[in-house]
1. Every residue in region 84-129 that is small (Gly, Ala, Ser) and either modelled with pLDDT under 95 or closer than 20 Å to Val68 by Cβ (or both), please.
2. Just checking, how many residues over region 155-182 are of a type outside the set (S, T, N, Q), in contact (Cβ under 8 Å) with a residue 24 or more places away in the chain, closer than 13 Å to Asp142 by Cβ and open to solvent by less than 10 Å² (accessible area, probe 1.4 Å)?
3. All but one of (1) open to solvent by less than 60 Å² (accessible area, probe 1.4 Å); (2) more than 26 Å from Asp27 (Cβ to Cβ) hold for Glu132; which doesn't?
4. Looking at Glu48 and the list (1) modelled with pLDDT of 95 or more; (2) open to solvent by less than 60 Å² (accessible area, probe 1.4 Å), which single condition is not satisfied?
5. Which of the residues belonging to region 24-40 are assigned to a helix (DSSP H, G or I) and either touching a residue at least 40 places away in the same chain (Cβ under 8 Å) or open to solvent by less than 70 Å² (accessible area, probe 1.4 Å) (or both)?
6. Could you tell me how many of the residues in region 59-77 are in contact (Cβ under 8 Å) with a residue 40 or more places away in the chain, open to solvent by 10 Å² or more (accessible area, probe 1.4 Å), in a helix (DSSP H, G or I) and not aromatic (Phe, Trp, Tyr)?
7. Checking the conditions here, which among Arg21, Arg43 is at pLDDT below 65, out of contact with any Pro (no Cβ under 9 Å at 6 or more places or on another chain) and in a helix (DSSP H, G or I)?
Amino acid sequence: SYCPYADQCLGSLPPELMAKRNDLFKDRVALAVRKYFGDDRRRIRHAEEVARYAEEIGKKEQGNPAVVMAAAYLHDIGIREAERKFDSASPKHQHAEGPPVARRILSDLRADSALIDEVCDIIGHHHAPREEETLNFKILYDADLIVNLDEQYRHKAPSGDKLEQVLNRSFLTETGRRTAKKALMKLVR
């Protein structure tokens, strides 16, 4: 689960063991995020909620589970550095400060360099989709958007029409749109 050379030494693993390997990696990333954020329960809860939706969307959209889950847990990892350096958690600062922190965490977990590069790319612009995006980015973007909208709408619920407009124009995957509708319609006034 941690050795980047395991395939060379052991050969490919059966699918059931690969699933356990992915779960172990996901759990190790989640633990590293909890450790990094310490007693900041709000940020830990946000990362866990994004990961829950990312896993659900990722399975249906058939994204790369290791990339999707690492990006989901680590997507806001730059907030602490952004606040320390700039006294701001703005997306611009998160995008700049997140990838180095994520790279350090994933390197410590001995993740594959291609996975680290893709996760850091996603984290480095996770609030701002580019013209062409990977499926893994789209899954993370949609999962984060669901959680952000849920947090926003708990304070001021939208009308059904307003929510429908947001759902139709904001999500990058059909599964994300359906998942958001199911999750957010209960908040409509």
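1. Ser88, Ala89, Ser90, Gly98, Ala102, Ser107, Ala111, Ser113, Ala114, Gly124, Ala128
2. 2
3. Single failed check for Glu132: (1).
4. Of everything listed in (1) modelled with pLDDT of 95 or more; (2) open to solvent by less than 60 Å² (accessible area, probe 1.4 Å), Glu48 misses just condition (2).
5. Phe25, Lys26, Arg28, Val29, Ala30, Ala32, Val33, Tyr36, Phe37, listed by residue number.
6. Looking only at that region, the number is 5.
7. Exactly one of Arg21, Arg43 is at pLDDT below 65, out of contact with any Pro (no Cβ under 9 Å at 6 or more places or on another chain) and in a helix (DSSP H, G or I), namely Arg21.
Here's the yes/no breakdown for (1) under 17 Å from the mean Cα position of the chain (by Cα); (2) under 16 Å from Glu56 (Cα atoms):
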site: Leu149; (1), (2): yes, no
site: Gln152; (1), (2): no, no
site: His155; (1), (2): no, no
site: Leu163; (1), (2): no, no
site: Val166; (1), (2): no, no
site: Phe171; (1), (2): yes, yes
site: Gly176; (1), (2): yes, yes
site: Lys181; (1), (2): no, yes
site: Leu187; (1), (2): no, no
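The values are calculated or read from the model by the stated rules, or taken from the named source; none is laboratory data. Just so it is clear, the structure is predicted and the values come from calculations on it, not from any experiment. Counting neighbours? That spans all protein chains shown, and the Cβs are built from the backbone with ideal geometry, glycine included. These accessible areas exclude ligands, DNA and RNA; they are computed on the full protein's heavy atoms, side chains included. Shrake-Rupley method; radii C 1.70, N 1.55, O 1.52, S 1.80 Å.
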